[in-house]
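Peer 1: Pasting a structure below so you can have a look.
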Amino acid sequence: MRYEKPSEYTERFRQLMPGLVDDLLSREWSASAATNCSCGAGLAALRCDDCFASSCLCETCMSASHSRAPFHRIRRWNGQFFQHEPATAEIWLGHEGRPCQTPLATHKIDIAHITGIFAVQVHPCGCDAAGAGDEWLLPRQLMRQGLFPGSLDQFQVHWAFTFKYLDQWLAVSHHAKISVMDYWSTTWYLSSGLPAERVRYLLQGG
């Protein structure tokens, strides 16, 4: 078996570069963008960045297909390119993600995930079997859903962190020696697009 020399590989890459750039830019367009959705009820203008080989869907179909994937990043076709939608989500606690028949008051919580920070409408379950009346009801229900609450006082839960987010932090802190501030700045960058230096400045009260 003959191995390519670095110069030969570089030359082959240079020859392929125009085609590779076209392939990369093709991700910014879709033949299904702004066409009628397959359901026939709306315009297919939304595409998920986290679903593999995803096609464009209308708002109703996108909401239905992502009821169990609330932290996927969605982009909307604006006529020229796919623009990021606000990072929002809606979560029902208990009943395996389905709406509870006796829900408690909705809580607005910011949830950090590996794809960014999401403003989430959280609907706690109000069933007696779920512990209605328990003063730690919301934090405990969040934990059961794989969300670590930022406070154990259910009236002070303004933040939560997905277990996957915390697992990733554990991995990068041990193996890449990344500081908490750098990791948190990266999370903010994924949500806002602000440079890490600007994020640190804002987080430090600038």
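The values are calculated or read from the model by the stated rules, or taken from the named source; none is laboratory data. Not measured: the values here are computed from a predicted model. No Cβ is skipped: glycine too gets one built from the backbone with ideal geometry, and neighbour counts run over all protein chains shown.
Peer 1: Tell me which residues, restricted to region 67-82, are closer than 14 Å to Leu190 by Cα and either in contact (Cβ under 8 Å) with a residue 60 or more places away in the chain or not in a loop (DSSP other than H, G, I, E, B) (or both).
Peer 2: Once the filter is applied, which keeps residues that are closer than 14 Å to Leu190 by Cα and either in contact (Cβ under 8 Å) with a residue 60 or more places away in the chain or not in a loop (DSSP other than H, G, I, E, B) (or both), region 67-82 yields Phe71, Ile74, Arg75.
Peer 1: Just need a number here: residues in region 1-55 that are more than 25 Å from Phe82 (Cβ to Cβ) and either assigned to a helix (DSSP H, G or I) or not hydrophobic (A, V, I, L, M, F, W, C) (or both).
Peer 2: 15
Peer 1: Quick one: which of Ser67, Ser38, Ser55, Ser32 is surrounded by 12 or more Cβ atoms within 10 Å (Cβ to Cβ), polar (S, T, N, Q) and touching a strand residue (DSSP E or B) at 6+ places or on another chain (Cβ under 7 Å)?
Peer 2: Ser32
Peer 1: Can you name every residue in region 146-176 that is in a helix (DSSP H, G or I), over 17 Å from Ile91 (Cβ atoms) and of a type outside the set (Val, Ile, Thr)?
Peer 2: Result: Leu166, Asp167, Gln168, Trp169, Leu170, Ala171, Ser173, His174, His175.
Peer 1: Considering only region 74-81, I want to know if a residue exists there that is among the charged types (D, E, K, R) and surrounded by fewer than 14 Cβ atoms within 10 Å (Cβ to Cβ).
Peer 2: No, that holds for no residue.
Peer 1: Right, next: Looking at region 99-129, which of its residues are among the acidic types (Asp, Glu) and touching a strand residue (DSSP E or B) at 6+ places or on another chain (Cβ under 8 Å)?
Peer 2: Of everything in region 99-129, just one residue is among the acidic types (Asp, Glu) and touching a strand residue (DSSP E or B) at 6+ places or on another chain (Cβ under 8 Å), namely Asp110.
Peer 1: While we're on this one: In the list Trp92, Trp29, Trp77, which residue meets the criterion of being in contact with a His (Cβ under 8 Å, 6 or more places away or on another chain) and aromatic (Phe, Trp, Tyr)?
Peer 2: Trp92
Peer 1: Please go through region 66-103 and give me each residue that is closer than 19 Å to Ala34 by Cβ and polar (S, T, N, Q), ordered by number.
Peer 2: Passing the criteria: Asn78, Gln80, Gln83.
Peer 1: What residue, among those in region 91-106 that are touching a Pro at 6+ places or on another chain (Cβ under 7 Å) and outside any loop (DSSP other than H, G, I, E, B), is farthest from Ala160 (Cα to Cα)?
Peer 2: Trp92
Peer 1: Moving to a separate point now. Can you tell which of Gln156, Gln121, Gln168 is in contact with a His (Cβ under 9 Å, 6 or more places away or on another chain) and either of a type in the set (D, E, K, R) or at pLDDT 80 or above (or both)?
Peer 2: So the residue among Gln156, Gln121, Gln168 that is in contact with a His (Cβ under 9 Å, 6 or more places away or on another chain) and either of a type in the set (D, E, K, R) or at pLDDT 80 or above (or both) is Gln121.
Peer 1: OK, next. What single numbered condition from (1) among the aliphatic types (A, V, I, L, M); (2) within 25 Å of the chain's Cα centre (by Cα); (3) surrounded by fewer than 16 Cβ atoms within 10 Å (Cβ to Cβ) fails to hold for Leu20?
Peer 2: Exception for Leu20: condition (2).
Peer 1: Another question about this same structure. Name the residue, out of Ala44, Ala33, that is under 23 Å from the mean Cα position of the chain (by Cα), over 18 Å from Thr115 (Cβ atoms) and modelled with pLDDT of 90 or more.
Peer 2: When all the criteria are applied, what remains is Ala44.
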